[in-house]
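Reviewing the structure listed below.
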Amino acid sequence: MSRIQNAFDNKKAFIAFLTAGDPDYETSLNNFRAVIEAGADLIEVGIPFSDPIAEGPVIQEADIRALSSGMTTDKVFQLVKDLRKDYSIPIVFMTYANPVYHYGADEFFKNASEAGADGIIIPDCPFEERGEFEGSAAKYGMDFISMIAPTSEDRIKTIASQAKGFIYVVSSLGVTGVRSEITTDLDSIIKLIKEATDTPAAIGFGISTPAQAAEMSKKADGVIVGSAMVRIVAENGKDAPAKLAEYVKSMTKGL
Amino acid sequence: MSEILENAVKGRFGEFGGQYIPETLMNEIHKLEAAYEHYKNDPEFCAELDRLNREYAGRPSLLYYAEKMTRDLGGAKIYLKREDLNHTGSHKINNVLGQVLLAKKMGKTRVIAETGAGQHGVATATAAALMDMECEIFMGEEDTIRQSLNVYRMELLGAKVHAVKTGTKVLKDAVNEAMREWTSRVDDTLYVLGSVMGPHPFPTIVRDFQSVISKESRAQILEAEGKLPDVVIACVGGGSNAIGSFYEYIKDEGVQLIGCEAAGLGVDNPKNAATMANGSLGIFHGMKSLFCQDKYGQIAPVYSISAGLDYPGIGPEHAYLASIGRAQYVPITDEEAVRAFEYLSKTEGIIPAIESSHAVAHVMKIAPKMPKDSIIVCTISGRGDKDVAAIARYRGVEIYE
């Protein structure tokens, strides 16, 4: 069983996403440290991509800031290595198919695993195409994490039954970003997932307030927060670590 | 369903193609695939599309013997496949009539599309107006400036145009934004992709609708010359007019197929969009194909004088045809394209789109070296009215539209 399971043991998991290298390597490393120390259960490390088609404007801009600061896939691996000196928290990458594919899937997962990552989320690699990466990921002990969307319907059981690590339940149509309300019938989706697997399910896309986090954590095994955290990074520059810590504490309180 | 999920390795051209898109779109893309498989064999659908092609788009388009050009270049006989004469002024109408009709049959009430030069946007807005569909077009902000006339045209046709301000603000960014929009609203909306790119089934659907070009030209050249051409030439961005121009000849092994891509300031200059010359294998915009990218797989900013060829990738079927050696792809610079633009205007009285001028430029290179009894069919994918002001500026003449 992978380290990812630790995030869900006897608690609701708070999963925190930040783009690696946003706005620069050092600040980004400090941001991740602050988030971990403040009580996140699992962190998603975004490997920036030039054209992130599943992201809303907040994370798109973070990717641009990170790439402009000279962030590369190899530097993201270094960042995880730096974190691993102090923390055993589960870490998953979140990036797009091309940075992994072009790096060479086997080489990518070998280096990712050596750096200390536990899994990967690739939003533009659906179930049908997972063969592109899943084998290499498994070879190096990394979980290829599946997503389930409000439109998945008859696909839910098949995807859930083969899921590894955790299941990323996409709360809403569209791209990542803060939403004032989430209207999808998530209870029905989670029910189908639970019928098919024991793999934990976490809800992401649109969650930003403690109230939303509390509500979503009643439905699922964890909540994923990205854009709201990235916005704190964008607005606070070098002062972001303290603000992020404060935010994570407010979010985890109600879980 | 689960059987489909397990066995799905479809929509591939060799190793190229596939369906690399977010889970949110997967059921919709399967629905599209099923609808297309059904309607492409539905006699009523085919008859309706055929009628639209003839009575609305003006098909068949002419295959014109460019006698003066032939004489002037002194080699192969040159025929021009006149897609510029279609309604809306380019080959894009062939695809949109098919896709918007398909959207209508699927019960959709809204279409969205990306556009580069504006040709596909104008064509989509036109088909949407004709078939009573709501229409929204995504266009890079840079391109809305380069092609402001087309923006107004789309609005005139009732479409809403979104100037895309993210990324490099050109065609690839317009595709990103159209895909994002589609994931937020799939129920009533079809993304009418403009080229033979994106996730399966788009490269196949667009190719099928565009292959009317070669279906006609093959029959027309046989009628005119009693034999097949030696060379078929078309410009390539994503590659829709090229695949349409090539498709019916792929089985005719003696017919050489040549795609002309945009080399901008030159293949060795960073400012180019020559994917075949400079690209490498990648996965982007839903497909595995060749892309201009850096060593970490970040998509490279590309450049061409032609907004329609200003794309960092190429359709998967072209990547496949290149990999098996069935088609060749050559880079053409801005300067060569502009010279061809001017040459065809002066020689034949035909002002070609700057995109199509890339194909004309290659004809000018190879025709003189070919025997007089050989034949070139070159597709003029669109008309050049939209480019006149930009070419004037390129030549240092300031014109305000």
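The values are calculated or read from the model by the stated rules, or taken from the named source; none is laboratory data. Keep in mind the model is a prediction, meaning the values are calculated, not measured. Every residue, glycine as well, gets a Cβ built from its backbone with ideal geometry; the counts of neighbours run over all protein chains shown. Only protein heavy atoms, including side chains, enter the accessible area calculation; ligands, DNA and RNA are left aside. Shrake-Rupley method; radii C 1.70, N 1.55, O 1.52, S 1.80 Å.
Going from the isolated chain to the complete set of protein chains, segment A:131-161 loses at least 30 Å² of heavy-atom accessible area (1.4 Å probe) at A:Glu132, A:Thr151, A:Asp154, A:Arg155, A:Thr158. About the centre of its Cα atoms, segment A:12-252 shows a dipole size close to 500 debye [charges on the beta carbon of Lys, Arg (+1) and Asp, Glu (-1) only; nearest 20 debye].
About the Cα centre of chain B, how large is the charge dipole given +1 on each Lys and Arg Cβ and -1 on each Asp and Glu Cβ? Please answer in debye to the nearest 20. Walk me through the numbers before you get to the answer.
Values: 43 positive and 53 negative charges, 122 e Å.
It works out to roughly 580 debye.
Database remark: amide H of A:Asp143 closer than 5 angstrom to the amide H of A:Gly119, A:Ile120 (H placed geometrically; neighbours at sequence offset of 5 or more, or on other chains; Pro and chain starts carry no H). In segment A:12-252, taking the dipole from charged Cβ atoms about the Cα centre, the farthest positive-side position among A:Thr151, A:Met216, A:His102 is held by A:Met216. Among the GluC sites (Glu not before Pro) in segment B:132-206, none sits in a DSSP loop with a Cβ that has at most 13 other Cβ atoms within 10 Å. Could you give each residue of segment B:29-35 its phi-based ³J(HN,Hα) in whole Hz, using Karplus coefficients 6.51, -1.76, 1.60 with θ = phi - 60°, and x for Gly or Pro? Coupling constants for segment B:29-35: 5, 5, 5, 4, 4, 5, 5 Hz. Averaging the sequence gap over all C-alpha pairs within less than 8 Å and six or more residues apart, then dividing by the number of residues, gives chain B a relative contact order of 20 percent. Rolling a 1.4 Å probe across the protein heavy atoms gives chain B an accessible surface of 34 Å² per residue. Each residue of segment A:109-126 was assigned a 3J(HN,Hα) from its phi angle through the Karplus curve 6.51 cos²θ - 1.76 cosθ + 1.60 (θ = phi - 60°); the sequence is 6, 4, 5, 5, 5, 4, 5, x, 7, 10, x, 8, 10, 10, x, 9, 10, x Hz, with glycine and proline shown as x. For the listed residue pairs B:Lys68/B:Lys369; B:Lys31/B:Lys172; B:Lys81/B:Lys227; B:Lys165/B:Lys386; A:Lys218/B:Lys165, the alpha carbons are over 27 angstrom apart in A:Lys218/B:Lys165.
In nm², what is the average projected area of the convex hull enclosing the Cα atoms of segment A:1-43? All intermediate terms of the calculation are to be shown ahead of the outcome.
Working: hull surface 13.0 nm².
Average of the hull's projected areas for segment A:1-43 equals 3.2 nm².
Computed over segment B:190-298, the P(r) curve from all C-alpha pair distances, binned at 10 Å from the origin, holds 14, 37, 32, 15, 2, 0 percent per bin.
Could you estimate the translational diffusion coefficient of the protein assembly as shown from the Stokes-Einstein equation, with Rh from the Kirkwood formula over C-alpha pairs, at 4 °C and 1.567 mPa s, in whole µm²/s?
Values: Rh = 25.6 Å.
D, rounded to a whole number, is 51 µm²/s.
Normalised per residue, the accessible area of segment A:12-252 is 32 Å², obtained with a 1.4 Å probe and no contribution from ligands, DNA or RNA. Expressed in Å, the radius of gyration and Dmax of the Cα atoms of segment B:1-98 are 20.1, 62.
With an 8 Å Cα cut-off and a minimum separation of 6 or more residues, compute the relative contact order for chain A in percent.
On the way: 514 pairs, mean separation 62.2, N = 255.
Relative contact order of chain A: 24 percent.
Between the Cα long axis of helix B:354-366 and the first principal axis of chain B there is an angle of about 40°, rounded to the nearest 10. Over segment B:78-219, what is the relative contact order in percent, taking alpha-carbon pairs closer than 8 angstrom and at least six residues apart? Over segment B:78-219, the number comes to 26 percent. Equivalent ellipsoid of segment A:198-245: semi-axes from √(5λ) of the C-alpha gyration tensor, largest first, are 25, 10, 9 Å. Here is the interface size for B with A: some 3500 Å² of accessible area buried, both sides summed, with a 1.4 Å probe. Taking 4 °C and 1.567 mPa s as conditions, segment A:137-224 diffuses translationally at an estimated 98 µm²/s according to Stokes-Einstein applied to its Kirkwood radius (Cα pairs).
Taking each DSSP H run with n ≥ 4 as -39500 (n - 2.57) and averaging over every residue of the protein assembly as shown yields -12500 deg cm²/dmol at 222 nm. Placing +1 on each Lys and Arg Cβ and -1 on each Asp and Glu Cβ, with no other charges, gives the protein assembly as shown a dipole about its Cα centre of roughly 380 debye. Helix B:212-225 and the longest principal axis of the C-alpha atoms of chain B enclose an angle of approximately 30°. Of the Cα atoms belonging to segment A:12-252, the radius of gyration and Dmax stand at 16.4, 46 Å. Note on segment A:12-252: dipole from Cβ charges, positive end direction compared against A:Met229, A:Pro126, A:Gly70; the farthest Cα belongs to A:Met229. Once you order the gyration tensor axes a ≥ b ≥ c over the Cα atoms, which shape class does segment B:240-340 get: rounded for a/c under 1.5, otherwise prolate or oblate by comparing a/b with b/c? Taking the square roots of the gyration eigenvalues as a ≥ b ≥ c, segment B:240-340 is oblate. In this entry, segment A:43-149 is assigned a mean projected area of 6.6 nm², taken as a quarter of its C-alpha convex hull surface. Helix B:119-130 and the long axis of chain B differ in direction by around 60°, with both axes built from C-alpha atoms. Counting only protein heavy atoms, probe 1.4 Å: which residues of segment B:12-38 lose 50 Å² or more of accessible surface in the full assembly compared with their chain by itself? Output list: B:Tyr20, B:Pro22, B:Glu23, B:Thr24, B:Asn27. I'd like the carbon and sulfur percentage of the solvent accessible area for segment A:12-252, probe radius 1.4 Å, heavy atoms only, ligands and nucleic acids excluded. Here carbon and sulfur together make up 49 percent of the probe-accessible area. Shown here are the Rg and Dmax of the Cα trace of chain B, at 19.6, 62 Å. Separation of segment A:148-196 from segment A:91-143 is 21 Å, based on Cα centroids.
Remark on B:Val161: its backbone amide H falls under 5 Å from those of B:Ile137, a criterion applied only to residues 5 or more positions apart or on other chains, H modelled at 1.01 Å from N. Backbone geometry of segment A:84-100 corresponds, through the Karplus equation with coefficients 6.51, -1.76 and 1.60 at θ = phi - 60°, to 3J(HN,Hα) couplings of 5, 4, 10, 10, 10, 4, x, 10, 10, 8, 9, 7, 9, 4, 5, x, 6 Hz, x marking Gly and Pro. The amide H of B:Gln293, built 1.01 Å from its N in the peptide plane, has B:Ser280, B:Ala300 as neighbours under 5 Å, considering only residues 5 or more places off or on other chains.
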